[in-house]
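J.: Quick one: structure below, then a few questions.
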Amino acid sequence: MSPKKSFHTSNPETDTAIDRTIPDFPAAQLSDEDRYFRAHKPPKYLDELSAEVSEFVEFHLKNSKKNIVLVTSGGTTVPLENNTVRFIDNFSAGTRGATSAEYFLENGYAVIFLHREFSLLPYSRHYSHTTNCFLDYMTEEDNKVQINRDFADEMLVVLRKYNAAKESNSLLLIPFTTVNQYLYTLKTISEILHRVDTRALFYLAAAVSDFFLPQSKMPQHKIQSQESGGKLIIDLEPVPKFLSRLVDNWAPAAMIVSFKLETDNTILIKKAKNALTRYQHQLVIGNLLQTRKKEVVFVTTDEPDQWIKLTDEEYKNKEEIEKIIIPAVIERHHKWIKQRNENKQK
Ligand SMILES: CC(C)(COP(=O)(O)O)[C@@H](O)C(=O)NCCC(=O)N[C@@H](CSSC[C@H](N)C(=O)O)C(=O)O
């Protein structure tokens, strides 16, 4: 497991003071993404993070030869003040990402887990934020703390999987909080994963902001309600669509899977197909907020839409749909690797 981080992402970087010398829209006709990165500073910890990811990738390139998957998980925030008191959040508990990471590990992948700081993590998710208070997992016997026997067997299974991931150095935890941190980190990790060529897989389950408040419009201090006559009118810009850069430039050899989240089932498939057409990546997994734990749909350009559903019985027995999703994604990744290697030999 990753060594203790010397940085946190949830504390606002107040010294990224607004750099008003950078014009809102520089003269050169840059792409939206280039313009974004020119107008927004990288997180201060990016070099340290880059070194950690490089070391992890080099380790697996030289030793395990494992395929490497970047799993993104949790929601990004959009701060409304530089000294952040208020922010807009995107819904995601992190269950999809954390659970998927476990099944990737069990299927022999090395996992870079890019997650919203303090959201659910692989393995510990079984015992954090749950309905049981953490202390319910313990009892006192002969003046000593013991594991509550009601949970011991299940906990042993999880602990063994956790230790296997740690001992094989197969899980790297990388946090984010804001959409700016996420975008810079995604770009950095993608460029490092270039080294793994087709054996890199991107599984983008994070709920990424679609709108943000540019640095050039961000107040330095907490917005004062009385100054605006009690109203708060926010003028947000669209977050540049990074998926296309990921596909075309950052990691062109990797297989890329994105998730499409909707709440209206009449538009889900259409929106998933639009994303595929727009970004030209390999798979969109569509899911509805209301039924995301019970069913998803695989949307590709070359096969009919494929629904994956838990039966009512499986759902009632708390079966995890990721147990079916991940092997199906891995099967497609293996095909992707095979096809690309055959193309290289032509
Ligand atoms: C977030 C959930 C629903 C999981 O929930 P938890 O288990 O509670 O964590 C996940 O399955 C999902 O749909 N994730 C993707 C959600 C999302 O925001 N997808 C974006 C596309 S990926 S964000 C990419 C960016 N906007 C761009 O277009 O470049 C969308 O639907 O539009």
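The values are calculated or read from the model by the stated rules, or taken from the named source; none is laboratory data. Since we're looking at a predicted model, the values are computed, not measured. Here Cβ is always computed from backbone atoms with ideal geometry, including for glycine, and neighbour counts include all displayed protein chains.
J.: Give me the strands (runs of 3 or more DSSP E) completely within the range 248-312, filtered to those with at least 2 residues that are more than 10 Å from the ligand (Cβ to nearest atom), free of Cβ contacts under 8 Å to residues at least 24 places away in the same chain and closer than 26 Å to Lys323 by Cβ, ordered by residue number.
T.: Here the list reads 306-309.
J.: Which of (1) within 16 Å of the ligand (Cβ to nearest atom); (2) surrounded by 20 or more Cβ atoms within 10 Å (Cβ to Cβ); (3) among the charged types (D, E, K, R); (4) farther than 21 Å from Leu46 by Cβ is the odd one out, the single condition Arg245 does not satisfy?
T.: Among (1) within 16 Å of the ligand (Cβ to nearest atom); (2) surrounded by 20 or more Cβ atoms within 10 Å (Cβ to Cβ); (3) among the charged types (D, E, K, R); (4) farther than 21 Å from Leu46 by Cβ, Arg245 violates only (4).
J.: Run Leu70 past the list (1) outside any loop (DSSP other than H, G, I, E, B); (2) within 23 Å of Met255 (Cβ to Cβ); (3) more than 16 Å from the ligand (Cβ to nearest atom) and report the number of the one that doesn't hold.
T.: All conditions are met except number (3).
J.: Can you tell which of Gln224, Gln282 is of a type outside the set (Asp, Glu) and farther than 22 Å from Lys187 by Cβ?
T.: On inspection, the qualifying residue turns out to be Gln224.
To keep it simple, each residue is scored yes or no on (1) modelled with pLDDT under 95; (2) of a type in the set (A, V, I, L, M, F, W, C); (3) touching a Gly at 6+ places or on another chain (Cβ under 6 Å); (4) surrounded by fewer than 21 Cβ atoms within 10 Å (Cβ to Cβ).
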residue: Met1; (1), (2), (3), (4): yes, yes, no, yes
residue: Pro12; (1), (2), (3), (4): yes, no, no, yes
residue: Glu48; (1), (2), (3), (4): no, no, no, yes
residue: Leu61; (1), (2), (3), (4): no, yes, no, yes
residue: Phe87; (1), (2), (3), (4): no, yes, no, yes
residue: Gly108; (1), (2), (3), (4): no, no, no, yes
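J.: Go through the range 72-106 and give me each residue that's within 16 Å of Ile326 (Cβ to Cβ) and either charged (D, E, K, R) or over 19 Å from the mean Cα position of the chain (by Cα) (or both).
T.: Scanning the range 72-106 gives Arg96, Glu102, Glu106.
One line per residue, one yes/no per condition, for (1) at pLDDT below 95; (2) in contact with a Gly (Cβ under 7 Å, 6 or more places away or on another chain); (3) surrounded by 10 or more Cβ atoms within 10 Å (Cβ to Cβ); (4) part of a strand (DSSP E or B):
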residue	(1), (2), (3), (4)
Ser128	yes, no, yes, no
Asn132	yes, no, yes, no
Asp136	yes, no, yes, no
Glu140	no, no, no, yes
Asp153	no, no, no, no
Val157	no, no, yes, no
Ala164	no, no, yes, no
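J.: So in the range 313-341, with the set limited to residues that are of a type in the set (Lys, Arg) and assigned to a helix (DSSP H, G or I), which one is modelled with the lowest pLDDT?
T.: In this case the residue turns out to be Arg340.
J.: I would also like to ask the following. Condition test on Leu186, is it without any contact (Cβ under 8 Å) to a residue 60 or more places away in the chain, closer than 23 Å to Leu120 by Cβ, surrounded by 17 or more Cβ atoms within 10 Å (Cβ to Cβ) and touching a Phe, Trp or Tyr at 6+ places or on another chain (Cβ under 9 Å)?
T.: Answer is no for this residue.
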